[in-house]
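A short write-up of the structure that comes next.
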Amino acid sequence: MDEKNIPIRTYQVCNVLEPSQNNWLRTDWIPRSGAQRVYVEVKFTLRDCNSLPGVTGTCKETFNLYYHESNEDRESYIKESSFIKVDTVAADESFTQVDVGDRIMKLNTEVRDVKVTTKKGFYLAFQDVGACIALVSVRVFYKTCPLTIRNLATFPDTVTGADTSSLVEVRGSCVNRSEEREEPKMYCGADGEWLVPIGGCFCSPGYEERGGACKACTAGFYKARSVDPACAKCPPHSYSLRDGATVCDCHTGYFRADSDPASMSCTQPPSAPQQLISVVNETSVVLEWAPPRRLGGRSDAIYSVECLIFGPGDRSISNSQTCLPCGSDVLFSPSQLGLRTTRVVVSELKAHTRYTFTVHARNGVSRASGAGSAPSVSVSVTTNQAAPSPVSMIQVLDVTRHSLLLSWQQPDRPNGVILEYEVKFYEKDQKERSYRIMRTFSQTVDVTGLSPLTVYVFHVRARTAAGYGDFSSPFEFSTNSDPFPLIGEGVNSAFLLLSVSGVGVLLLISAAAFIISRRRSKYSKTKQDSEEEKHLNPGVKIYVDPFTYEDPDQAIHDFAKEIDVSSIHIEKVIGMGEFGEVCSGRLRLQGKREIYVAIKSLKAGYSDKQRRDFLSEASIMGQFDHPNIIRLEGVVTRCKPLMIITEYMENGSLDAFLRKHDGQFTVIQLVGMLRGIASGMKYLSDMNYVHRDLAARNILVNSNLVCKVSDFGLSRVLEDDPEAAYTARVGHIPIRWTAPEAITYRKFTTSSDVWSYGIVMWEVVSYGERPYWDMNNQDVMKAVEEGYRLPAPMDCPVVLHQLMLDCWERERAERPSFSQILNMLDKLIRNPGTLRLGSEVCVSVVPEACVPEWSVYEWLQSIGLEIYRETFAAAGYNNLESLLALTHQ
Ligand code: ACK
C-alpha cells in the first residue's frame with residue numbers, strides 16, 4: 001500500500017537478518033534511441049534499520065544501481081562483473097514501522113544519470129546488499145532541447161550531449177520566406193536548454209516577422225529589403241493590390257526615379273520655370289528666373305539653358321534669318337546644363353546679334369514620365385556693340401641689342417572690324433612711370449631704339465568702331481648684350497644658385513622646425529598621458545612598474561627581502577609554473593616561528609629575459625600588503641636556483657578546488673570567497689595596478705577558505721596562461737575572461753578587470769564550470785559582441801547574476817567599481833535573505849539602496865543552523881543588526 005493506502009506493486013527484499021546479501025534485479029534491454037546520457041529515476045521505500053527489531057550490523061540502508069551497455073536485446077545471462085556501477089543510492093527518507101496498522105511510509109525519488117554511448121542499448125540492474133527495500137518504479141529518460149524558433153531560424157529537437165558540461169552545436173535553418181542574416185547557431189546544453197543564440201535570419205522582401213514566422217505584407221503595404229524591420233504603408237501616390245509587395249506601384253501620372261528608394265512618395269516632373277528675365281551687358285547676358293510653380297513633390301529640380309543664334313539666312317530670300325544652336329565658344333557660368341541655381345551668365349556672345357535663350361526644368365522623374373521635352377520658358381535678346389577682347393598672347397620673333405620684333409594673334413572676340421592695334425611698353429625697372437606707345441594696322445611691330453640687356457614689358461590692345469578693348473596682360477622680353485645672344489641665359493645663374501641654396505636652407509630650417517615641433521608635441525602628450533592615467537591621489541600608495549627600473553636587480557632589492565637558502569626546507573613538488581617547479585616547504589626565519597611556504601623556482605639554463613620576467617613577479621608582489629593578495633615572503637637571488645617564496649595556500653587554485661567540492665558550499669560561503677577576491681582587487685585597483693588575467697585559476701585558497709589573488713608576472717598574459725588564445729590583432733589574451741575593449745584594442749583598465757571579476761563570480765557560483773563551456777574563442781567573442789551574456793548558474797541567486805551582468809556592461813564606464821562590488825557583497829552577507837533563489841529583491845550596487853526584511857531565524861535556516869534558534873533568542877540576538885556584533889568566539 002502506498003501512503004494513501006492504495007495498493008501498489010513493488011519488487012521488494014528484506015533479508016536484514018541474514019549476512020552477506022547479494023540480490024540482483026535486472027531490467028529488460030532498453031534501446032538508447034540516439035541518447036548519449038540517460039537519466040534513471042527510481043522511486044522506492046526503505047526501512048530504517050534502527051526500527052527493525054533484532055537486526056545487527058548486517059542491515060543496510062542503501063542499494064546499488066548498475067548498468068551494462070549491449071547491442072543484444074535478449075541477453076539471457078549477464079555476469080555481475082559486466083555491470084558498471086552508477087552509484088550507491090541512499091534514501092532521503094527512511095521509515096519506521098511503528099506497528100502494522102499505523103505505519104509511516106516515505107516514498108523516495110532519486111535520479112542518477114549515466115553516459116551511454118558505446119552500444120545500441122543497455123540493461124539496468126539493482127543490487128541489494130542487505131537492506132529492507134521496496135522498488136516502486138523506475139523511469140528511464142533522456143533530455144532533448146525541444147524544437148524551437150529563434151531569430152527566425154528553426155532549430156530541430158536535439159538530443160543533449162554525453163557529458164554534463166557538453167554543448168551540442170546546432171545550425172538552424174531559416175524559416176520559410178526568410179533569408180540568412182548571419183549563419184544561425186545555438187548550443188543545446190546538457191539540461192535540455194538552448195543557449196547562446198548567434199546570428200539569425202531576416203524575412204525576405206515582401207514579408208515581415210509575425211509570431212516567429214514570415215508573413216506576407218498585406219495590400220496597401222510593402223517591404224523592399226530584407227533588413228527592413230516590418231512592412232510599411234505604401235508611400236503617398238502609390239498602392240499595392242496584392243499581398244507580399246516588395247514595392248508599391250505609382251498612381252497614374254506619378255513616377256519613381258531609378259534611384260528613388262521604395263519608401264519615397266511617387267512624384268511628378270516639374271512645371272516650367274517662371275519669370276525669366278535677361279540683362280544684356282555688351283556681349284554678355286545675365287539670365288534669371290524663378291523656380292517652377294509645381295516642383296512635383298521633389299527637391300531635385302535642375303535647369304538647362306538652350307541657346308539659339310539668329311544669323312543671316314538664305315541669301316536668295318531677302319531678310320530671311322535662320323536660327324542655329326550657338327557655337328561652343330559661348331560661355332555659361334556656372335554651367336549650361338545641370339544647373340541647380342536660377343541664374344546664369346552667358347558671355348562671349350557676338351556683338352549686335354540676336355539670341356534666344358530657353359530655360360528647361362527637369363527633375364529625377366522627367367525621364368521616367370516619358371514626356372518629350374521638358375517644360376520651359378524662353379527669352380530673346382540682342383547683344384550690344386562691344387569693344388574687342390584683349391590680345392591673349394605676344395611672341396618675340398627677333399631680338400637684337402637695341403630692338404625686339406613682336407607679333408600677336410587677333411583677339412578671340414574682335415566684336416567688329418579691327419581698325420588698329422596699340423602697343424604700350426616700358427623698361428621693367430621703370431615700371432609704368434614712363435612708357436611709349438606704338439600703333440600698327442598689322443599684327444607685328446618692330447620696336448627699336450631700346451637699350452641693350454634691358455627687360456621691357458609689353459601690352460597690346462585692339463580698336464574697333466566700338467572703341468579700344470582692354471590691354472593684354474604684360475609680356476616681358478629682354479634685349480641682347482653681345483656676346484650673349486640669347487635672352488635670359490646667364491642672367492639668373494647667380495640668382496638661381498642663391499635660390500637653390502636658399503631653398504636648401506629653407507628646407508633644412510623647416511625640417512628642423514618640424515622635428516622640434518613633433519618632439520615637443522610628443523613630450524607634451526606623454527606628460528598628459530601620464531598625468532591622466534595616474535590621477536594621483538595624495539597619501540595612496542601607487543604601484544611601481546618594475547620594468548621602469550633600468551636595473552631589474554635594483555627593483556628586486558627595493559621590493560623583496562633576500563632570504564638565506566639555508567632557512568628554507570623544501571618538502572614536495574606541488575605543480576609546474578611557467579619558469580619551473582612549484583614546491584611546498586617550510587621557512588624558518590630568525591626570531592620567527594616556522595611557517596609553510598610555496599617555493600617557485602627558475603629552472604636552469606634561463607636567459608636574461610627569463611630571469612628578469614621571473615623576478616618581476618616578486619618585485620610586483622612585494623609591493624602589496626593585503627589579506628586577499630598572496631604574500632611574498634622573500635626571494636633567493638644570491639644562489640641558484642633562483643626562488644620566489646610566498647605564503648602557502650593549502651587548497652591550491654580556486655577553480656580546481658571548487659570542482660573538487662562541487663555543490664558542497666552554502667551560498668554565503670561562496671559569496672564570502674567572492675568578497676575576499678573583490679577586496680583584494682579593490683586594493684590592487686586603488687594602487688593603480690591592472691591585473692589583466694583575473695580568473696579562478698589565478699586565485700589561491702587557504703585552509704580557512706580565504707581566497708587570495710595571485711599570478712602577477714608582467715609577461716604572463718602574453719605567455720604562460722594556458723587559456724591565452726592567440727588572436728591576429730592582439731597577441732595572447734585569455735579570451736573568455738577578458739572585456740571586449742581589451743580584446744579589440746588592448747584597453748586594459750580596472751574596468752576590464754571588473755569584467756573578468758564577473759566571470760570569476762560565474763566560475764565560483766557554478767563550482768568551476770568553464771565559462772561559455774566548450775564554445776570556441778571565435779564564437780565566444782562573436783556572442784559577447786552580439787550582446788549574449790552567460791546565464792545564471794544553477795541555484796544562483798538573482799542578485800549575484802545581476803551583479804555579474806553589471807560587470808559585463810559593454811560600456812566600461814557603466815561597470816561598477818571594485819569598491820561598489822565590495823559594498824554590495826557586504827550587504828548581501830549581512831542580509832542573507834537577498835540571496836534566496838529567485839527572490840524579488842532590490843538589486844543595486846549603490847550602498848544603502850536596498851535592505852530587505854529577514855529574521856534571525858531565516859538567516860540561521862539559510863546556513864543550516866536553525867537548531868540554535870532558541871540559543872540566539874535567549875542571548876538577545878533578535879534582529880539582524882544585533883548579529884553584526886557577533887565574533888567567532
Ligand atoms: O591548483 P594548484 O594546486 O595550485 O596547482 C598550481 C601549481 O602550484 C602551479 O602554479 C600551486 N601553487 C602556486 N602557488 C601556490 C601557493 N602559494 N600555495 C599553494 N599552492 C600554490 C597551484
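The values are calculated or read from the model by the stated rules, or taken from the named source; none is laboratory data. The structure displayed is predicted, hence computed values, not measured ones. Virtual Cβ from ideal backbone geometry, glycine too; neighbours counted across all protein chains shown.
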If we ask which residues in the stretch 574-593 are charged (D, E, K, R) and either in contact (Cβ under 8 Å) with a residue 40 or more places away in the chain or outside any strand (DSSP E or B) (or both), their number turns out to be 4
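Residue-wise test of (1) in contact (Cβ under 8 Å) with a residue 40 or more places away in the chain; (2) surrounded by 14 or more Cβ atoms within 10 Å (Cβ to Cβ); (3) under 59 Å from the mean Cα position of the chain (by Cα).
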{"site": "Thr56", "(1), (2), (3)": "no, no, no"}
{"site": "Val86", "(1), (2), (3)": "yes, yes, yes"}
{"site": "Phe95", "(1), (2), (3)": "yes, yes, no"}
{"site": "Glu110", "(1), (2), (3)": "yes, yes, yes"}
Counting just the residues of the stretch 420-436 that are surrounded by 15 or more Cβ atoms within 10 Å (Cβ to Cβ) and in contact (Cβ under 8 Å) with a residue 40 or more places away in the chain, which one comes out farthest from Asn281 (Cα to Cα)?
-> Lys424
Checking Gln669 against (1) more than 13 Å from the ligand (Cβ to nearest atom); (2) under 30 Å from Asp613 (Cα atoms), which test does it fail?
-> (2)
State the number of residues belonging to the stretch 599-622 that are in a loop (DSSP other than H, G, I, E, B) and either away from the ligand (no atom under 15 Å from the Cβ) or at pLDDT below 90 (or both).
-> 5
Considering only strands (runs of 3 or more DSSP E) wholly within the stretch 107-195, the ones with at least 3 residues that are more than 30 Å from Leu46 (Cα to Cα) are 148-150, 153-155, 168-171, 178-188
Hits in the stretch 792-816 (condition: over 17 Å from the mean Cα position of the chain (by Cα), buried (at least 16 other Cβ atoms within 10 Å of the Cβ) and not in a helix (DSSP H, G or I)) | Ala792, Pro793, Cys796, Pro797, Pro816
Filter the stretch 357-375 down to the residues that are modelled with pLDDT under 95 and hydroxyl-bearing (Ser, Thr, Tyr), then identify the one that is nearest to Arg413 (Cα to Cα).
-> Ser373
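Filter the stretch 221-234 for residues that are surrounded by 15 or more Cβ atoms within 10 Å (Cβ to Cβ) and either outside any strand (DSSP E or B) or of a type in the set (D, E, K, R) (or both) and give the result.
Lys223, Ala224, Ser226, Asp228, Cys231, Cys234
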Has the stretch 723-734 got at least one residue that is of a type in the set (Asp, Glu) and either more than 14 Å from the ligand (Cβ to nearest atom) or at pLDDT 95 or above (or both)?
-> no
For Ile677, are the conditions met, namely being within 16 Å of the ligand (Cβ to nearest atom), within 19 Å of Val754 (Cβ to Cβ) and surrounded by 21 or more Cβ atoms within 10 Å (Cβ to Cβ)?
-> yes
Surrounded by fewer than 20 Cβ atoms within 10 Å (Cβ to Cβ), within 15 Å of the ligand (Cβ to nearest atom) and of a type outside the set (A, V, I, L, M, F, W, C): does that describe Lys660?
-> yes
Quick one: which residue in Asn651, Asn688 is part of a loop (DSSP other than H, G, I, E, B), touching a residue at least 40 places away in the same chain (Cβ under 8 Å) and within 13 Å of the ligand (Cβ to nearest atom)?
-> Asn651
Give the residue, chosen from Val565, Val573, that is closer than 15 Å to Tyr648 by Cα, surrounded by fewer than 17 Cβ atoms within 10 Å (Cβ to Cβ) and either within 16 Å of the ligand (Cβ to nearest atom) or at pLDDT 90 or above (or both).
-> Val573
Scan of the stretch 578-598 for residues that are in contact with a helix residue (DSSP H, G or I) (Cβ under 9 Å, 6 or more places away or on another chain), modelled with pLDDT under 90 and not hydrophobic (A, V, I, L, M, F, W, C), ordered by number | Glu578, Gly580, Gln590
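May I ask you to list the residues in the stretch 424-464 that are of a type outside the set (Ser, Thr, Tyr) and in contact with a Leu (Cβ under 7 Å, 6 or more places away or on another chain)?
Once the filter is applied, which keeps residues that are of a type outside the set (Ser, Thr, Tyr) and in contact with a Leu (Cβ under 7 Å, 6 or more places away or on another chain), the stretch 424-464 yields Val445, Asp446, Val447, Leu450, Phe458, Arg463.
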Subset tally (residues that are modelled with pLDDT under 65, within 16 Å of the ligand (Cβ to nearest atom) and either of a type in the set (Phe, Trp, Tyr) or surrounded by fewer than 21 Cβ atoms within 10 Å (Cβ to Cβ) (or both)) for the stretch 691-716 | 1
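Every residue, every condition in (1) buried (at least 16 other Cβ atoms within 10 Å of the Cβ); (2) within 18 Å of Ser376 (Cβ to Cβ); (3) touching a residue at least 24 places away in the same chain (Cβ under 8 Å), yes or no:
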{"site": "Gln268", "(1), (2), (3)": "yes, yes, yes"}
{"site": "Gln274", "(1), (2), (3)": "no, yes, yes"}
{"site": "Ile277", "(1), (2), (3)": "no, yes, yes"}
{"site": "Val280", "(1), (2), (3)": "no, no, yes"}
{"site": "Leu287", "(1), (2), (3)": "yes, yes, yes"}
{"site": "Pro291", "(1), (2), (3)": "no, yes, yes"}
{"site": "Gly296", "(1), (2), (3)": "yes, yes, yes"}
{"site": "Ile302", "(1), (2), (3)": "yes, yes, yes"}
{"site": "Glu306", "(1), (2), (3)": "yes, yes, yes"}
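Residue-wise test of (1) farther than 30 Å from Phe357 by Cα; (2) at pLDDT 95 or above; (3) polar (S, T, N, Q).
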| position | (1), (2), (3) |
| --- | --- |
| His251 | yes, yes, no |
| Asp260 | yes, no, no |
| Ser265 | yes, yes, yes |
| Glu282 | no, no, no |
Which one is farthest from the ligand (Cβ to nearest atom), of the residues in the stretch 623-648 that are farther than 17 Å from Ile568 by Cβ and of a type outside the set (Asp, Glu)?
-> Gln623
Condition broken by Ser407, with the remaining ones in (1) part of a loop (DSSP other than H, G, I, E, B); (2) surrounded by 13 or more Cβ atoms within 10 Å (Cβ to Cβ) satisfied = (1)
Do we find a residue being aliphatic (A, V, I, L, M), at negative phi and within 60 Å of the chain's Cα centre (by Cα) anywhere in the stretch 380-394?
-> no
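Yes/no per residue for (1) in contact with a Cys (Cβ under 6 Å, 6 or more places away or on another chain); (2) closer than 30 Å to Ala257 by Cα; (3) among the basic types (Lys, Arg); (4) in contact (Cβ under 8 Å) with a residue 12 or more places away in the chain:
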{"site": "Ser328", "(1), (2), (3), (4)": "no, no, no, no"}
{"site": "Val344", "(1), (2), (3), (4)": "no, yes, no, yes"}
{"site": "Leu349", "(1), (2), (3), (4)": "no, no, no, yes"}
{"site": "His360", "(1), (2), (3), (4)": "no, yes, no, yes"}
{"site": "Ala368", "(1), (2), (3), (4)": "no, yes, no, yes"}
{"site": "Thr382", "(1), (2), (3), (4)": "no, no, no, yes"}
{"site": "Met393", "(1), (2), (3), (4)": "no, no, no, yes"}
{"site": "Arg401", "(1), (2), (3), (4)": "no, no, yes, yes"}
